[in-house]
Amino acid sequence: MSFELLRSEIIDAGLCQGCGLCAGSCKHINMEIARPVLKDYCILERDGEDCGKCYQSCPQVIQKKFKEKQPLAIYSLRTKNPEILAKASNGGFVTTIAKELLESESLKEIVMVQEDDEKPKAEIVTNPDEVIKKAGVVYGRSGVLERLIDVTGETFDPIGIVGVPCEMRGAAEIEEEMNREILKIGLFCSSQMRTAETDKGLVCSPCCNGCPSGVNAQGYVSLIRQGKYQEAVDLIRENNPLPSICGRICTNECEYGCTLIGDDHPVAIRELKKFVTEWEMEHGKKKKKKVAKKNGKKVAIIGAGPAGLTAAHYLANRGYSPTIFEKTDQTGGMLRFGVPQFRLPNYVLDYDVESITDAGVELVLNKPLGPDMTINDLKKEGFEAIFIATGQYKPRTLHLEGEDLPNVYVAINFLMDRKYRYWENKEEFNGKTIGIIGGGPVAVDVAQTALRLGAEKVHLVDIMNEKELELVLKDIPENEYEYMKYHFATSTSKITQNKDGKLVLNCYNIEWGAPDKTGRRPLNKVEGSDYEIPIDVIIMAVGQAVDFDLIDVATENKIEKERNRIKINPVTFETSIPGVFAGGDIVSNSKAVAIAGIAHGKEAAISIDRYLNGEDLEEGRNYRSQMFFTGPRKPPKDYSLKPENLEDATEEIQWTFDEIDEMFNEDMALREARRCLSCNHFCSHCQDFPAIYSDVTAGEVGSEKGYTTVVAWTEKGKELVDNAIAKGLFDQGKVNEGELKTAINLKSKRELMNFEKTPRTQVLDYVKIQGPSTISDIARNTGLEQKKVRYEALRLVQLMEFEMKADPDMTEPLFSIVCD
């Protein structure tokens, strides 16, 4: 029962919840980067002493099958304290009751999770005002039980703890072990740990929550850690049929919520995806998909970009016959035509597309939606539903004076031409200076392409400041950034030519004004800041728009628009025309990134399936903001790092169209995967949703918005709540017990994992099966040492699970199970 067992069965298996109970129980264990590590040595491993405390007390090891426990009372409460209500995630029960307990000195100290630099951290709270200041914290790996052990060892004053169900299980163990009365305020599985997916028994970690398409990053990183590379790719494809592509160009939003941020760099999830998909291409065998039995229903997909390909993939898997109509002669959409090969090689794109077409998806090229193929034409041909995902190909400009001068281009045409027409002309811009209006990802693609075609310097002019462009700048290799000059917070007034015929960008600095009533911030010119940048070639990279000319003809102008994009139901992706759906860059509030298009295609396929089966399109589904643009994204506090030798591999600059980034080798991938904490994996086998080891539990399930459902499990908990209500601290609402019971029942059906039995469990199980037994009998039949059996048997007597019978005629006492 050494630390090695804890490491192998709990920590390395991704089941550690970061509660710190083992570290609090053993002076040889420290919590480092939210997980336990040996500070020096394990006393059992070094001295052979019989310990195993860290393993035996772990809340994951000691949990038992959920037994339905009847609550003494259920309430729906909302605090009357406006300051708390403004910060609370629902009704503010926990903050209000904690403040009351400290103010009345019913408790001297409460171990709670407080926010420390946007991270959950366990603290011992004694000041009622501190409870309010740090209210509304999301619970996570905080070391809360380590702090509880600290406070129980320092004082005999009345104490309490607030925590999630697994932490309450550990707190109950501490209460028995240390013979202390601890008020246990439990929480239902928190919003971060509990979702519709976790209720079904699935795991949803912060990285999974951050992915627009809901890819289980924690799951596939865990499989990589185990060397199960093919299984890892298969798991990715469950929610993303274009994994090889996303291993290169995904915006890796999954990494932004990594629990390691603040203690260490986030796990390089995108690099791991790239490694494992490349491994499949080289070593694995892409599974020959069994084409699903066809149900005879045809669906038309307009556009072979990420959204269209994804929708076709999931519809084919459901037995439909999807046909993709693509207006060009190639698949991939903007990924094919707009993303340079040095970022996304064609062989990667072809590999993912082939896996979709192999599954029974028909592909028709050079067939645009328009007068020659209308919505009505498709319906007449037997297509019962249609998904429009044609993307944005119409270049935007700023309508500046001089846009029509020679050597002024728009980004999309510039990139397409140099990817498929002129890319071999390596000296096209030799010695020239390039000017780019815009500084986003497309502008960077243009800059990097120009440098590979001989450009000497690239100027990028953008109205955003450096901080706002941080997410773009971080992906530019340092050795290439040296050749780029960013002009931040700068606008362009016009394009002119000087006497030598050279182009000139006429620029000025800007300041952002205060937001108006609509939330928009005006751009104000900084007086006297005008300046000129002499340029040889100018490219405008200010975005693309939807070309509605052909779409309007094909839909007879019946499709509703919003801000020059197709208006959709953001949950179902249905347009204003019944049976016609849309997704990807073409819809309102689109993020215009591949992974969002993939998410749209997946959700649209679900809606089309329901539509064709006459089912409710919205039932059981929610709006997911991750799939849409909701405003500029706040950069994360830290970014994933490549291992040192991988950084070295990209240091030497090479102006070629070969892929810029190297990739993880196997050793590097395994080392990176082992850094993952497997967040919330322990939720996958926990059955206790309502924290039944608590005195009182609180959470949002079972109450209307703005109220907290409160469940009293003990007389002490019920008395606490009743007194608070009598004092006028809360408004009362109506409890939906059916909703609460559903959540409890869903989680209680999960399977518990089997761990190696502790000596105490072995002793208990032996007596349960064999009946009254002596220490000698138990030791002989279990293989345990007699002194260990004696210790555990007497401990079970203390815990009132055994009763001991000792008569003068007996050589040894008999131990038997206590009958209820």
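The values are calculated or read from the model by the stated rules, or taken from the named source; none is laboratory data. No experiment lies behind these values; they were computed from the predicted model shown. With ideal geometry, Cβ positions are generated from the backbone for all residues, glycine too; neighbour counts draw on all protein chains shown. Keep in mind that these areas ignore ligands, DNA and RNA; they rest on the heavy atoms of the full protein, side chains included. Shrake-Rupley method; radii C 1.70, N 1.55, O 1.52, S 1.80 Å.
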Over segment 429-468, the set of residues under 16 Å from GLY338 (Cβ atoms) and hydrophobic (A, V, I, L, M, F, W, C) is ILE436, VAL442, ALA443, VAL444, VAL446, ALA447, ALA450
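Kindly indicate which of ILE577, ILE568 is more than 28 Å from the chain's Cα centre (by Cα), assigned to a loop (DSSP other than H, G, I, E, B) and surrounded by 14 or more Cβ atoms within 10 Å (Cβ to Cβ). Talk me through it step by step, then tell me what you get.
Details: ILE568 fails: more than 28 Å from the chain's Cα centre (by Cα).
ILE577 is the lone residue from the list that is more than 28 Å from the chain's Cα centre (by Cα), assigned to a loop (DSSP other than H, G, I, E, B) and surrounded by 14 or more Cβ atoms within 10 Å (Cβ to Cβ).
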Residues of segment 136-152 being open to solvent by 20 Å² or more (accessible area, probe 1.4 Å), at pLDDT below 85 and touching a helix residue (DSSP H, G or I) at 6+ places or on another chain (Cβ under 8 Å), in sequence order, are GLY136
The residue that is nearest to ARG418 (Cα to Cα), considering only those in segment 332-386 that are of a type in the set (Phe, Trp, Tyr) and out of contact with any helix residue (DSSP H, G or I) (no Cβ under 6 Å at 6 or more places or on another chain), is PHE342
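Counting residues that are out of contact with any Asp or Glu (no Cβ under 6 Å at 6 or more places or on another chain) and of a type in the set (Gly, Ala, Ser), which helices (runs of 4 or more DSSP H) fully inside segment 415-509 reach at least 2?
Details: elements: 441-452, 470-473, 478-481.
Result: 441-452.
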When every residue in segment 429-473 that is under 36 Å from the mean Cα position of the chain (by Cα) and among the charged types (D, E, K, R) is compared, the one surrounded by the most Cβ atoms within 10 Å (Cβ to Cβ) is ASP462
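Yes or no, residue by residue, for (1) touching a residue at least 12 places away in the same chain (Cβ under 8 Å); (2) hydroxyl-bearing (Ser, Thr, Tyr); (3) open to solvent by 100 Å² or more (accessible area, probe 1.4 Å); (4) in contact with a strand residue (DSSP E or B) (Cβ under 9 Å, 6 or more places away or on another chain):
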| position | (1), (2), (3), (4) |
| --- | --- |
| ILE769 | no, no, yes, no |
| ASN781 | yes, no, no, yes |
| LEU794 | no, no, no, yes |
| PHE802 | yes, no, no, yes |
| LEU814 | yes, no, no, yes |
| CYS819 | no, no, yes, yes |
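Consider LYS64 carefully, then state whether it is surrounded by fewer than 23 Cβ atoms within 10 Å (Cβ to Cβ), modelled with pLDDT under 90 and closer than 30 Å to LYS749 by Cα. Talk me through it step by step, then tell me what you get.
On the way: surrounded by fewer than 23 Cβ atoms within 10 Å (Cβ to Cβ): yes; modelled with pLDDT under 90: yes; closer than 30 Å to LYS749 by Cα: yes.
For LYS64, the condition - surrounded by fewer than 23 Cβ atoms within 10 Å (Cβ to Cβ), modelled with pLDDT under 90 and closer than 30 Å to LYS749 by Cα - is met.
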Checked LYS727, LYS718 against criteria (out of contact with any Gly (no Cβ under 9 Å at 6 or more places or on another chain), more than 24 Å from MET168 (Cα to Cα) and either of a type in the set (Gly, Ala, Ser) or touching a residue at least 24 places away in the same chain (Cβ under 8 Å) (or both)); the one match is LYS727
Segment 314-411: helices (runs of 4 or more DSSP H) wholly inside it with 2 or more residues that are over 28 Å from the mean Cα position of the chain (by Cα) are 346-357, 375-380
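Assess whether ARG169 counts as being surrounded by 16 or more Cβ atoms within 10 Å (Cβ to Cβ), among the basic types (Lys, Arg) and either more than 20 Å from SER57 (Cβ to Cβ) or touching a Pro at 6+ places or on another chain (Cβ under 8 Å) (or both). Talk me through it step by step, then tell me what you get.
Values: surrounded by 16 or more Cβ atoms within 10 Å (Cβ to Cβ): yes; among the basic types (Lys, Arg): yes; either more than 20 Å from SER57 (Cβ to Cβ) or touching a Pro at 6+ places or on another chain (Cβ under 8 Å) (or both): yes.
Taking the combined requirement at face value, the residue satisfies it.
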Among the residues of segment 411-443, the number that are under 16 Å from ILE538 (Cβ atoms) and either at pLDDT 95 or above or of a type outside the set (D, E, K, R) (or both) is 16
Given the conditions (1) surrounded by fewer than 18 Cβ atoms within 10 Å (Cβ to Cβ); (2) under 45 Å from the mean Cα position of the chain (by Cα), every one holds for PRO808 apart from (2)
